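To start, the structure itself, in C-alpha cells.
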Amino acid sequence: MLSITSFLAKVISQTLSRIYPDLGAPKDFVEVAPCARPELGHYQSNIALKLAKLLKQPPISLANTLREHLPLEECAEKITVTPPGFLNITCNKSFLSNRLSQLLSDPKCLVSCAEKKRVIVEFSSPNIAKELHVGHLRSTIIGESLARLFTFQGHDVLRLNHIGDWGTQFGMLIAYIRAHVTENRWASAPSLEDLMHWYKKAKALFDEDEHFRKESQLAVVALQQGDTGSIEVWKDICAVSRKAYEEIYSLLDVSIQERGESFYNPHLAPMVEELEHRGMIEYSGGAKCIFPQGFKNREGNPLPFMVQKSDGGFNYDTTDLAALKHRVAVEKADRIIVITDSGQSLHFQLLFKAAEKVGYYDPEKVQMDHVTFGLVLGEDGKKFKTRSGETKKLVDLIYKAIEYASALVGEKSGHLSQEEKRHLAKTLGISAVKYADLSSQRQKDYTFSYARMLRFEGNTATFLLYAYVRMLGIERKIGKDLPSLLQTKPSLDHPSELALGLHLLRFAEVIDLITDNLEPHHLCDYLYKLAEKFHAFFRDCRVEGSDQEEGRLVLVEAARKVLAQGLYLLGIDTVERM
C-alpha cells in the first residue's frame, strides 16, 4: 500500500495528466509533504509553483484549478490554497481511522517497496590482526540499521563485511612470527592483543631492517602463491581476529557475512590482463592505471586509479574494483551501499567512475551509494580516545556503557529482580550507544557522553523505551484481549488522539525517505516525536474506564506496534519493565 504522501502525489499527478495532457512533466514532478504549519492542513504540495514556471500562469490560479478537479472526496475533509500557491489537504477522520486499522493488521505497518531489488550493504570492514575501535562503531551501527530497513521493506539484502585480510602487512606478521614466536605456528593460541603487539614490532623491523623487509616481501609472495605453511599461519591469524569481532557483533546483535579481500585475490591478475587487452590501461610511472574523467590532482594533472603497481603488486584499488565487478556481475546487485568514514570519499568517487569507464557497471541499471559519516568525539571535543591517548576499543566502550546503565538501573529500578536488572542494564547500555550514534546526522561529528545518552528525558533510547513500557503497562492494566479489539476503530476525536494517529500513519513516509537519502537519524526523530505525542495523549486522554476505552486502547496498540518496529530497525531491543 502507498504511503499517504505517495497516494496523494499519485492522485495529483493523474489529475495533472487529465487537465494538461501535453504537459510532459518529468518523473517525480509532484511532491507532497506534511504541512509545515499544521493549522493549514495535514499535507501540502508546491506543485502549482512548479507548474507556474512551465505554463507561465499565476500559481494561485493553477492551485485553485487543481483543487477543483482533485478526486479526493473520500479522503479529504477540505482542500485549501494559500499564497503564493500552496495546495493544503486536510484528511478526514474516517480515512485516517481506516488507515490505522489497516496498519494494525499489516505486519509491515503499511511499509512496502514498489519493486523488489537485490541490495548489497557493505559495512563494518575491520582489518585482521587489529581490534575494532570506536572508528568502526558508526559503520557497523549504520550498516546494520540500513540492512534491517531494506530487508523490512521486502528487498533481497546481502550484508557484507569487506575485511582487510590480505596484503603486505601479513608478510610482515608471518615473517615476525616465524622469526620471533615459533618456527612456523605458535604452540598455544594467541590473543588479538598478541597479534597487535607482534604487528607493531614487525612494522618497526620492516622500516629499519633491510633483511627483515626482504623476508617480509618473500612471505607475501609465498602467501599469494598459496604456500601451505604461509596459508596455515594466515588462517590462524584470521581465526584469532574473527573470534574477537564476533564477540562485538554478538553484543550489538549485528548479522554480517564475511567476504575478505583475499576472496578476490585470484581474480586480480586476470582482471588487469583483461583490461589491458581491451585497451583500458594507461601507464603512469610504470604503474598500470585507469584515468576517470573529471579528476585532477593539486597540480592540475589527471588523477589515476591504480590497478597494478610498478613492481607488479596489487593494491586496494585493484581489490575494490574486482569486488565491485563481482557485486554486479555475479551477485546481480541492483543497489550497492558502501559505508565508510568520509576520509575515503575520493577513493570511492574514483572507484565508481573507473568501474563505469571500463564497463563493470551501468549507473542507469545499478545504483551506487557511498554512505559517509563523521567522527566520534570525546567530551573535550577531540577525537574519542583513552586517557593514554590510544584509540578507544569498541568492546571497552560497549561494556562501559552497560556499566553506566547498571548504575542507573540500580537507582531507578529497585522493584526489579537481579536478573531483570542485568538484562535491562545490558539493553539500555547497548541501546544508548546505538541510538546516540544513529540519532546524529551521519555526515557530522558527534560528542560521545554516557551520561547524556542514558538520560530518561530528551531524544534518547531510554526515553523511547520508557514510552514503550508505558504503552505495555496500559494494555496490561486494562487486560482486554487485543486481537479481538483490532476491528474497533481507533478513537481520533480529541486533538491529541488525532495528532498521534496522524503521526503513526507517517511511519511509511519516513521509511521511504530513508530509502532515498540513507539517513537513519530521520527515523530517530520520528520515533522521538512519536513518544512525545504518545505522552501528550497519555496526559490528555484517559484510557481505562473512559467512554472511548476500546478505541483509545487500539490507538495505544498501534503506537506500541510502530514504536517496536522502529526500534528494531535501529537495532534496539525493547524491554517490558523499567
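The values are calculated or read from the model by the stated rules, or taken from the named source; none is laboratory data. Since we're looking at a predicted model, the values are computed, not measured. When we count neighbours, we look across all protein chains shown, and the Cβ atoms used for this are built from the backbone with ideal geometry, even at glycine. Each accessible area value is taken on the protein alone, full model and side chains, heavy atoms only, with ligands, DNA and RNA left out. Shrake-Rupley method; radii C 1.70, N 1.55, O 1.52, S 1.80 Å.
Rolling a 1.4 Å probe over the protein heavy atoms leaves Ser191 with an accessible area of roughly 40 Å². With every protein chain in place and a 1.4 angstrom probe, the accessible-area ranking of His180, His162, largest first, reads His180, His162. Among Asn127, Leu205, Gln169, whose Cα projects farthest towards the positive end of the dipole of the range 103-223, with charges put on the beta-carbon of Lys, Arg (+1) and Asp, Glu (-1)? Going by the charge dipole, the pick is Asn127.
Across the range 6-19, computed HN-Hα scalar couplings (Karplus, 6.51 cos²θ - 1.76 cosθ + 1.60, θ = phi - 60°) run 5, 4, 5, 5, 5, 5, 5, 4, 5, 5, 4, 4, 6, 6 Hz from first to last residue, x flagging Gly and Pro. Rolling a 1.4 Å probe over the protein heavy atoms of the chain, with every protein chain left in place, gives an accessible area that is 49 percent carbon and sulfur. Using a Förster radius of 30 Å, what is the FRET efficiency between Gln487 and Asp525 based on their Cβ-Cβ separation? Nearest 0.05, please. The computed FRET efficiency comes out at 0.40.
Partners of Lys203 within straight-line reach, counting lysines whose Cα lies under 25 Å from its Cα and excluding those fewer than 8 residues away in the same chain: Lys130, Lys214, Lys235, Lys243, Lys309, Lys383, Lys385, Lys392, Lys393. Taking amide H as placed 1.01 Å from N in the peptide plane, the amide H of Leu160 sits under 5 Å from that of Val121, Glu122, Phe123, Gln257, each at least 5 places away or on another chain.
Would you please state which residues of the range 243-264 a label at Val181 would reach in this model, taking the label point 7 Å out along Cα→Cβ and a backbone N cut-off of under 16 Å? Residues 243-245 fall inside that zone. Per residue, the accessible area of the chain comes to 47 Å² when a 1.4 Å probe rolls over the protein heavy atoms.
Axis of helix 549-569 versus longest Cα principal axis of the chain: the two differ by about 20°, to the nearest ten degrees. With a 1.4 Å probe rolled over the protein heavy atoms of all chains, the accessible area of Thr65, Thr151 falls in the order Thr151, Thr65, largest first.
For the range 267-351, what class follows from the C-alpha gyration tensor (a ≥ b ≥ c being the square roots of its eigenvalues): rounded when a/c is under 1.5, otherwise prolate if a/b is larger than b/c, else oblate? Don't jump to the answer; show the numbers that get you there.
Working: a/c = 1.84, a/b = 1.13, b/c = 1.63.
Oblate is the answer for the range 267-351, as a/c is 1.5 or above yet b/c matches or exceeds a/b.
For the peptides 301-309, 218-226, residues were scored by their other Cβ atoms within 10 Å and the scores averaged per peptide; the highest-first order is 301-309, 218-226.
Once all protein chains are placed together, Phe152 keeps about 20 Å² accessible to a 1.4 angstrom probe.
Ignoring lysines fewer than eight residues from Lys489 along the same chain, the ones with Cα atoms less than 30 angstrom from its Cα are Lys10, Lys78, Lys93, Lys108, Lys477, Lys480, Lys529, Lys533, Lys561. The separation of the range 22-67 from the range 467-481, counted between C-alpha centres, amounts to 43 Å.
Across the chain, Cα pairs under 8 Å and at least six residues apart give a relative contact order of 15 percent. Were the residues from Ala269 through Gln344 laid out at 0.36 nm apart, the gain over their Cα-Cα distance would be 24.5 nm. Fully extending the segment from Lys309 to Gln293, taken as 0.36 nm per residue of separation minus the present Cα-Cα distance, adds 3.7 nm.
Note on Asp334: accessible area is roughly 60 Å² with a 1.4 Å probe, heavy atoms of protein only.
Simple point charges give the picture: +1 on the Cβ of Lys and Arg, -1 on the Cβ of Asp and Glu, and for the range 123-232 a dipole about the Cα centre of about 280 debye.
With the cut-off at under 15 Å, measuring from each backbone N in the range 91-133 to a point 7 Å along the Cα-to-Cβ line of Met1 picks out 92-113. Among Arg552, Arg67, the sequence by solvent-accessible area, most first, with a 1.4 Å probe is Arg67, Arg552.
Within a straight-line Cα-Cα reach of under 21 Å, Lys365 can be paired with the following lysines, leaving aside sequence neighbours fewer than 8 residues apart in one chain: Lys27, Lys116, Lys117, Lys325, Lys332, Lys353, Lys357. Beta bridges from DSSP with both residues in the chain: antiparallel share about 50 percent, rounded to the nearest 5. Here the 3J(HN,Hα) profile of the range 430-446, calculated from phi with Karplus coefficients 6.51, -1.76 and 1.60 at θ = phi - 60°, is 5, 5, 4, 5, 5, 5, 4, 6, 6, 7, 8, 4, 5, 6, 9, 5, 9 Hz, Gly and Pro shown as x.
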